[in-house]
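**Student:** So that we are looking at the same thing, I have put the structure below in C-alpha cells.
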Amino acid sequence: MLSNSPLQIDIQLLRIDSRESRNTPTEHLNNFYCNFEDIQQENFDGLIITGAPLGLVDFCDVAYWPQIERIINWAKNHVTSTLFVCWAVQAALNILYGIPKMTREVKISGVYQHQTLQQHALLTRGFDETFLALHARYADFPTEIICQYTDLDILAESEQTGVYLFASKDKRLAFVTGHPEYDALTLASEYFRDSDAGLNPALPLNYFPGDNLELIPKATWRSHGHLLFSNWLNYYVYQITPFDLRHMTPHV
C-alpha cells in the first residue's frame, strides 16, 4: 500500500518489545526490526500502528500495554502524522481521549458498504460516495461516542460497522477501524484458523463468492485501500512535515 506513491518511502520497522513472537521468526525480527530505544530520540514523518487480535482482551491484560502507551505519547512530539489501524484505534482513543474499551457481542467480519461523509476532505479525496471496506474486529466505534468525547472529524462510516475513518483537524492523527491493507486471502486465513481452533466463527459477510468456501475471494476493497494510504502519505505526512523535523510543532 505504501509503495503505490510517487514519493520515495524509507521504512523503519519497529517491534513493540523484545519478547519472542508466535508468528514471526526471531531471526527475521532481529534482522529487520528495531527496538524503541534505538529510535526514541529521532523524529519521523509518519507512523503506522497496526492492529492486533486483542479484541476480547482488556487493556490492563495486554502484556505490552505500557509500551503502546509510551509510543503513542512519544509520537506527539516526534511524528508528523500517526495512522492507527483497527485495534490500535481502540488503544489510541483510550490513551489520548480516555474512551473506555467498547466491545461488540458478535464479531464484525466481512466486506461492508460505507459512505463518504466529507467529499472534499483531503484524506478521502477521490473516494466514491460509497465504497467497500473490510472489517475483522470485536471493537465497537459508535458514531455518537466519537462525536461526544473527541474533536475528531468523522470522514466515513457504515450503518453496520459504525465509524470507519476519522481524523484530527490538524492532520496529526488518522484512524481507520477496518483493514484496507488486507490482501484477498488474509481474512480467509483468519476464518479457517479460527475454525480449526474450534471457535466456530461466523462466515465473513460478502466475502466468499456466493458464501461458497470453495471459491476464492476477490479483493473488492483494494482500490479504496491504495487511495487511502496515498492520501495519508501525501496530505497528512508529506505536505505538512517541515523540511527540518526539529522544527515540528508538538501535538498537544
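Nothing in this text is a laboratory measurement; each read-out follows from the coordinates by a stated rule. Since the model is a prediction, treat every value here as computed from it, not as a measurement. Neighbour counts run over all protein chains shown; Cβ positions are idealised from the backbone, glycine included.
**Student:** Can you grab the distance from the C-alpha centre of the range 75-114 to the C-alpha centre of the range 178-242, Å, no decimals?
**Tutor:** Using only Cα atoms to place each centre, the spacing works out to 16 Å.
**Student:** Sticking with this structure for a sec: Give the whole-number value, in cubic angstrom per residue, of the convex hull volume spanned by the C-alpha atoms of the range 66-174.
**Tutor:** Per-residue hull volume (Cα only) is 104 Å³.
**Student:** Can I ask one more? Setting aside same-chain residues fewer than 8 positions from Lys169, which aspartates and glutamates have a Cα under 17 Å from its Cα?
**Tutor:** Asp151, Asp153
**Student:** Same structure, new question: Could you tell me, in Å, what Rg and Dmax come out for the Cα atoms of the range 13-240?
**Tutor:** For the range 13-240, the Cα-based Rg and Dmax read 17.6, 52 Å.
**Student:** Please compute the modelled spin-label separation between Glu105 and Leu199, points set 7 Å along Cα→Cβ, answer in nm with one decimal.
**Tutor:** Each label point is offset 7 Å from its Cα along the Cβ direction, giving 2.0 nm.
**Student:** Roughly speaking, what is the stretch gain from Phe32 to Glu144, that is 0.36 nm per residue apart minus the C-alpha to C-alpha distance, in nm to one decimal?
**Tutor:** Going from the current span to full extension adds 36.2 nm.
**Student:** Given the -39500 (n - 2.57) contribution per DSSP H run of 4+ residues, what per-residue ellipticity at 222 nm results for the chain, rounded to the nearest 500 deg cm²/dmol?
**Tutor:** After summing the helix terms and dividing by residue count, I get -7000 deg cm²/dmol.
**Student:** Which value, in debye to the nearest 20, describes the size of the charge dipole of the range 13-240 about its Cα centre when Lys and Arg Cβ atoms bear +1, Asp and Glu Cβ atoms bear -1, and nothing else is charged?
**Tutor:** The calculated dipole for the range 13-240 is roughly 260 debye.
**Student:** For Asn4 and Asn77, FRET efficiency with R0 = 22 Å and r from the beta-carbon atoms, rounded to 0.05?
**Tutor:** The value I calculate is 0.15.
**Student:** Same structure again: Of Thr143, Leu123, Ile68, whose Cα points farthest to the positive end of the dipole of the range 68-166 (charges on the beta-carbon: +1 Lys, Arg; -1 Asp, Glu; origin at the Cα centre)?
**Tutor:** The residue sitting most towards the positive pole is Ile68.
**Student:** Compute the FRET efficiency between Tyr64 and Asp170 as 1/(1 + (r/R0)^6), taking r as their Cβ-Cβ distance and R0 = 25 Å, and round to the nearest 0.05. Could the numbers behind the result be given before it?
**Tutor:** Details: r = 28 Å, r/R0 = 1.12.
Approximately 0.35, to the nearest 0.05.
**Student:** Tally the DSSP beta bridges in the range 13-240 and give the antiparallel ones as a percent, rounded to 5.
**Tutor:** Of those bridges, close to 60 percent are antiparallel.
**Student:** I want to verify the translational diffusion coefficient of the range 67-108 in µm²/s; compute it with Stokes-Einstein, Rh as the Kirkwood radius over Cα pairs, at 20 °C and 1.002 mPa s.
**Tutor:** 189 µm²/s
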